[in-house]
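A quick write-up on the structure given underneath.
Each value in this text was obtained by applying a stated rule to the coordinates, not by laboratory testing. Source: prediction; values computed, not measured. A quick note on method: Cβ atoms are made from the backbone with ideal geometry, for glycine too, and the neighbour counts reach across all protein chains shown.
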Amino acid sequence: MSNVIPLSELRDQIDAIDKEILHLINKRASLAEEVAKTKIAAGEESCFYRPDREALVLRRIQELNPGPLSDDTAARFFRELMSACLALEKPLQVAYLGPEGTFTQQAAFKHFGQAVKAEPVPTIEAIFESVENGHCQFGVVPIENSTEGMVTHTLDRFVISPLQVCGEVAIRINHNLLSNVENLNEITEVFSHRQSLAQCRKWLEENLPSVRCTEVSSNAEAARIASSQEGAAAIAGELAAEIYNVNLLECNIEDELDNTTRFVIVGKLTANSTGQDKTSLLISTKNHSGALYGILEPFAKYSIGLTKIESRPSRQGLWDYLFFIDIDGHQADKNVVLALSDLQSRVTMIKVLGSYPKAVL
């Protein structure tokens, strides 16, 4: 026991380190303010946020991290630090699918940090419009779910929107049963979004077989109802429980354990290459023999990996199809430039939706 450091001494060391950390954080914040002044002087005041720069910083933190903190924990800490510093430069306004407490809001905070000014809007279309008209600088929209597939409303909007994809973030979807009752047998009705009710169907049948399930517009709306209606429960995330002050009665009630939703960040800027990027494409082609091969062959020719391909009927003509494709690489990369040039003569339309850093967190 003689080698054990006294608790008071350990706390004194922690206090001294905290003081030093606070000094360095504020020193970094002061430098961020100087960065803002430099950008304004250079005529770059329209948007201080650079997704490529932030991705490089977070990856560098993970590479430098010696532990015992995990790489992700260290990166999340710096994510919030950068968010706070960026708010000193110029607070970001980000539109997300509301109301407060949705998984889309959770995705916005995960990608941009808690210091962002997150603004709830009622529809995916409204997110695009809010960014297009300049009310918000960025929007967060769901693009695909591991169990439900692609989000068609988002894909359809990309067809007509001038916005660029400039980032991505994935959220592990954990469904929880929220209620202010103490026991399951006190629940008389469960509220949630249609998809969430479907994703928890087995659990509901086994644990609340005689309880009525009611669809509402969002999980956050369900949490709001559960916070005030006697006997009501909601299926929603932890953020909704916190915002609407509802107890977590049961956690992780989803039927599929690996339930993840991928979101993309839309805005008016083009992200620079980081060396670890994706490019999202919208391609239109006639439905004829060899059409799909004609799309895929240039990517194979130039050794470009495809991470996602989804087809949808085009609204422009009968039997015309749209392909939404994600590829590895940046649109400025030489092999991507060559592949897209080769592809141009094979299809009726190519639209580059954006190149952006692969998700770090």
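Think of each Lys and Arg Cβ as +1 and each Asp and Glu Cβ as -1; about the Cα centre, that makes the dipole of the range 176-250 roughly 260 debye.
Hey, got a sec? Which chymotrypsin sites (Phe, Trp or Tyr not before Pro) in the range 42-93 land in a DSSP loop and have at most 14 other Cβ atoms within 10 Å?
Numbers: sites: 48, 49, 77, 78; in loops: 48, 49.
In loop regions of the range 42-93 (DSSP not H, G, I, E or B), there are no sparsely surrounded chymotrypsin sites (Phe, Trp or Tyr not before Pro).
Taking volume of the Cα convex hull per residue in Å³ as calculated from this structure, the corresponding entry among [x] 309; [y] 198; [z] 217 is [y].
Taking 0.36 nm per intervening residue step and subtracting the Cα-Cα distance, what contour gain separates residue 230 from residue 40 on full extension?
Working: separation 190, 0.36 × 190 = 68.40 nm, distance 5.42 nm.
Between residue 230 and residue 40, full extension yields an extra 63.0 nm.
When peptides 251-262, 168-179, 117-128 are ranked by their average number of other Cβ atoms within 10 Å per residue, the highest-first order is 168-179, 117-128, 251-262. For the range 75-219, the antiparallel share of DSSP beta bridges with both residues in that region comes to about 15%. Other residues with beta-carbon under 11 Å from the beta-carbon of residue 128 carry, at +1 per Lys or Arg and -1 per Asp or Glu, a net charge of -3. For the chain, relative contact order (Cα pairs under 8 Å, six or more residues apart, normalised by length) works out to 18 percent.
Packing, taken as the mean count of other beta carbons within 10 Å per residue, orders the peptides 14-25, 154-165 from highest to lowest as 154-165, 14-25.
Net charge dipole, the range 1-160: roughly 340 debye, given to the nearest 20, about the Cα centre with Cβ charges of +1 for Lys and Arg and -1 for Asp and Glu. The residue list 361, 307, 179 was ranked by how far each Cα lies along the charge dipole of the chain toward its positive end, using unit charges on Cβ atoms, and 307 comes out on top. Please give the contour-minus-distance gain from residue 100 to residue 252: 0.36 nm per residue of separation, less the Cα-Cα distance, rounded to one decimal in nm. Gain on extension, residue 100 to residue 252, equals 52.7 nm. The distance between label points at residue 30 and residue 185 comes to 6.5 nm (points 7 Å beyond Cα on the Cα→Cβ vector). What pairs in 90/278; 27/117; 37/110; 110/308; 37/90 have C-alpha atoms more than 20 Å from each other? From 90/278; 27/117; 37/110; 110/308; 37/90, over 20 Å: 90/278; 27/117; 37/110; 110/308.
What are the DSSP H helices in the chain that stretch 18 Å or more along their long axis, judged by alpha-carbon atoms, and whose average Kyte-Doolittle hydropathy comes to at least 0.0? Working shown, then result.
Numbers: long enough: 7-41 (51 Å, -0.20); 51-64 (20 Å, -0.51); 71-89 (27 Å, 0.22).
Span-like helices in the chain: 71-89.
The charge dipole of the chain, taken about its Cα centre with unit charges on the Cβ of Lys, Arg, Asp and Glu (plus for the first two, minus for the last two), comes to roughly 1360 debye. Using the charge dipole of the chain (Lys, Arg: +1 at Cβ; Asp, Glu: -1 at Cβ; taken about the Cα centre), state which of 193, 109, 86 has its Cα farthest towards the positive end. So the residue we want is 86. The convex hull of the Cα atoms of the range 66-194, projected and averaged over all directions, covers 11.3 nm². Sparse packing (at most 15 other Cβ atoms within 10 Å of the Cβ) combined with a DSSP loop state is found for the following GluC sites (Glu not before Pro) in the range 169-215: 182.
Projecting the Cα atoms of 210, 248, 350 onto the dipole axis of the chain, where Lys and Arg carry +1 and Asp and Glu carry -1 at the beta carbon, places 350 farthest toward the positive end.
What does the charge count around residue 240 come to, taking other residues whose C-beta lies under 13 Å from its C-beta (Lys +1, Arg +1, Asp -1, Glu -1)?
Working: positive: 224; negative: 100, 221, 238, 242.
Result for the local shell: -3.
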